[in-house]
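First up is the structure itself, then whatever we jot down about it.
Any read-out appearing in this document is the output of simple, stated calculations on the displayed coordinates, not a laboratory observation. Small disclaimer: the values here were computed from a predicted structure and weren't measured. As a convention, Cβ positions derive from the backbone with ideal geometry for all residues, glycine included, and neighbour counts pool all protein chains shown.
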Amino acid sequence: MDISEGTEYWLNINSEAEAKGKVMTGDWEKTTKQHLEILKKLDIKPTDIVLDYGCGVGRLLVPIRENCKQIIGADISDKILSYAIKEVDGKTLFLSLKDETGKGLPLEYFDKAYSIIVLQHIEKHKAIRTLIRINNSLKIGGWMLIQFPNLNELREMYTLYMKNKYSFGSLEPRMEFYTRTELRYIFDMLKMNYTIEQIGTDYIVTAKKTKNIIPRDFFVGGHTWK
Ligand SMILES: C[S@@+](CC[C@H](N)C(=O)[O-])C[C@H]1O[C@@H](n2cnc3c(N)ncnc32)[C@H](O)[C@@H]1O
């Protein structure tokens, strides 16, 4: 797999405790409650097919699947997924991703898609591709909800991170922070109907799919994306 600096962090896991420690560094119960509250915005229905992009060990997928028809948890780390697999029931599937941009997601399959604490760990130019693939995996009229850490709220943490970036060693996760302007730029470019809401130190973007997007149609800095 062709991976960016920082992605190794998710692939090198030796125990369930390590997997759980990496997917959630804060208070598990409290944060899960907060995230489930945010996910109510997606209005998941019993008829919905749902994507959890970067599902980790299934922290959110397990409660969310109670309310939908089918759920697919996709993740780049087979090791992490191996600790989620035991949570399988008849309507849950797991998809082991072979690249960082969501290659392998089915096309026009999902009614709803969400991604929590994931996009921040993907290099920005790859994250845009990932969003395109999530968009294309939705049915027309389907909705995505994506969480991004807010650069302005976390400026101090970001500055510290940048200062230490090269002394962290190879097994630190990549961290990317966004401004509202950047998010507007991205979602305008994707031609999605979206809203951006600030909740705590995060931006929550909810966006409705209007059409499929062909990545090579995107021009950034005069270069065609391949
Ligand atoms: C901080 S954990 C969050 C897991 C889960 N979303 C949750 O909230 O409990 C980040 C997850 O994203 C996965 N991940 C990291 N980069 C990814 C990528 N490019 N594509 C898909 N999954 C990725 C990691 O393997 C890990 O399971």
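How many angstrom lie between the Cα centre of the stretch 73-123 and the Cα centre of the stretch 169-198?
19
Return the calculated 222 nm mean residue ellipticity for the chain, to the nearest 500 deg cm²/dmol, obtained by summing -39500 (n - 2.57) across DSSP H runs with n ≥ 4 and dividing by the residue count. Working shown, then result.
Numbers: 8 runs with 70 residues, N = 226.
Result for the chain: -8500 deg cm²/dmol, rounded to the nearest 500.
Looking at the stretch 72-153, which trypsin sites (Lys or Arg not before Pro) are in a loop (DSSP not H, G, I, E or B) and have at most 13 other Cβ atoms within 10 Å?
Lys98, Lys103
Which whole-number percentage describes the relative contact order of the chain, with Cα contacts under 8 Å and a sequence gap of 6 or more? Walk me through the intermediate numbers first.
Details: 386 pairs, mean separation 44.4, N = 226.
About 20 percent, as a whole number.
Lys and Arg at +1, Asp and Glu at -1: add these up for the other residues within a Cβ distance under 12 Å of Ser96 and post the number.
That sum, taken over residues with Cβ under 12 Å, equals 0.
Please give me, ordered by residue number, the GluC sites (Glu not before Pro) of the stretch 1-91 that lie in loop per DSSP and have at most 13 other Cβ atoms within 10 Å.
Passing sites in the stretch 1-91 are Glu5, Glu66.
Report the dimensions of the stretch 1-84 along its three principal axes from the alpha-carbon atoms, largest first, rounded to Å.
So the extents along the principal axes, rounded to whole Å, are 36, 29, 20.
Starting from the Kirkwood Rh over alpha-carbon pairs, what translational D in µm² s⁻¹ does the stretch 8-208 have by Stokes-Einstein at 20 °C and 1.002 mPa s?
125
Can you find, among Val62, Leu107, Met157, the residue farthest towards the positive end of the dipole of the chain? Put +1 on the C-beta of Lys and Arg, -1 on that of Asp and Glu.
The listed residue farthest towards the positive side: Leu107.
Which residues make up the longest stretch of the chain clear of chymotrypsin sites (Phe, Trp or Tyr not before Pro) that lie in a DSSP loop with no more than 14 other Cβ atoms within 10 Å, not counting the sites? Could the numbers behind the result be given before it?
On the way: sites that count: Phe168, Trp225.
Result, exposed sites excluded: 1-167.
What distance in nm lies between label points placed 7 Å from Cα along the C-beta direction at Thr201 and Lys86?
3.1
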